[in-house]
1. For the stretch 129-138, just list the computed ³J(HN,Hα) in residue order, Karplus coefficients 6.51, -1.76 and 1.60, θ = phi - 60°, integers in Hz, with x standing in for Gly and Pro.
2. Heavy-atom accessible area of residue 206 with all protein chains present, probe 1.4 Å, nearest 10 Å²?
3. Using each residue's phi in the stretch 200-216, evaluate 6.51 cos²θ - 1.76 cosθ + 1.60 at θ = phi - 60° and report the 3J(HN,Hα) Karplus result to the nearest Hz, with x for Gly and Pro.
4. Pairs to check: 52/189; 121/211; 85/211. Give those whose C-alpha atoms are more than 31 Å from each other in this structure.
5. Taking 0.36 nm per intervening residue step and subtracting the Cα-Cα distance, what contour gain separates residue 181 from residue 164 on full extension?
6. Stretch residue 38-residue 56 to full length: gain in nm at 0.36 nm per residue minus the Cα-Cα span?
7. When only the heavy atoms of the protein chains count and the probe is 1.4 Å, how do 52, 201, 121 rank by accessible area, highest first?
8. Accessible area of residue 19, 1.4 Å probe, to the nearest 10 Å²?
Amino acid sequence: EELKSSKFYDEETDESGEKMQLLIIDDNSDILTYLSQILGDHYSITTATNGKDGIEKAVSIIPDLIITDVMMPEMDGLTLTQKLKSLVQTCHIPIILLSAYSSDEQKLEGLNSGADAHLAKPFNAKLLKAMVHNLIENRNSLRRYFANSHIEVHSNDIRDTDRHFIEHFRELVDQNIDNAEFNIEDMCKDVGMSVVQLYRKVKALTGLAPKEYLRIARLKLAD
């Protein structure tokens, strides 16, 4: 049965109005072209043709979601997923695994790697679009959860790495809230991230840029 179309793509922008960023990793150029075509109208697309390049681009741009094939040269999709989910810079990023195999064992292996979803090839384009949208919306819910600094972070849906990162970031801001010299470069040095990585990570989890988060915290203190 054909899936009904859904009008939810007007929402696929961040607070600045820019398109959400997807990273698509596949060694098949036809698949890359096809995925870029069906998703490119609603998202900003970056592609990689092997797992090693995919890791480098994921760490560099910190996309909003990753779609990766399982079988690839250099590094397979399962290893790539495990690696990205182990890094504090990228562990929050939803990952969809594409596989030519659809057995329960294959799906379980994919989910055990840390992937957020598994889709067998050939796949329905509308199903993939809905999956991408839902995973991003789920992360937006996580963002709303983290954005309230007065909430005790304990949800089972939140990775320990993300919880610890946000708790550390909040402590860092609180400790330096009266220090007028404290800036983004100091934040990056403390957490061991580049400016882009810190910006994308904090923005993904809280909806605020680090500088904006610090400014609002200082304004709340002044009140």
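The values are calculated or read from the model by the stated rules, or taken from the named source; none is laboratory data. None of the values given here were measured: they were computed from a predicted structure. Reconstructed Cβ throughout: ideal geometry from the backbone, glycine too, with neighbour counts over all protein chains shown. The area values use the complete protein model at the heavy-atom level, side chains included, leaving out ligands, DNA and RNA. Shrake-Rupley method; radii C 1.70, N 1.55, O 1.52, S 1.80 Å.
1. In residue order, the calculated couplings are 4, 5, 5, 4, 4, 5, 5, 5, 5, 4 Hz.
2. Rounded to the nearest 10, the figure is 10 Å².
3. 3J(HN,Hα) across the stretch 200-216, in whole Hz: 5, 5, 5, 5, 5, 8, 10, x, 10, 5, x, 4, 5, 4, 5, 4, 5.
4. Table pairs above 31 Å Cα-Cα are 121/211.
5. 3.6 nm
6. Length gained between residue 38 and residue 56: 4.1 nm.
7. Correct descending sequence by accessible area is 52, 121, 201.
8. For residue 19, the solvent-accessible surface is approximately 90 Å².
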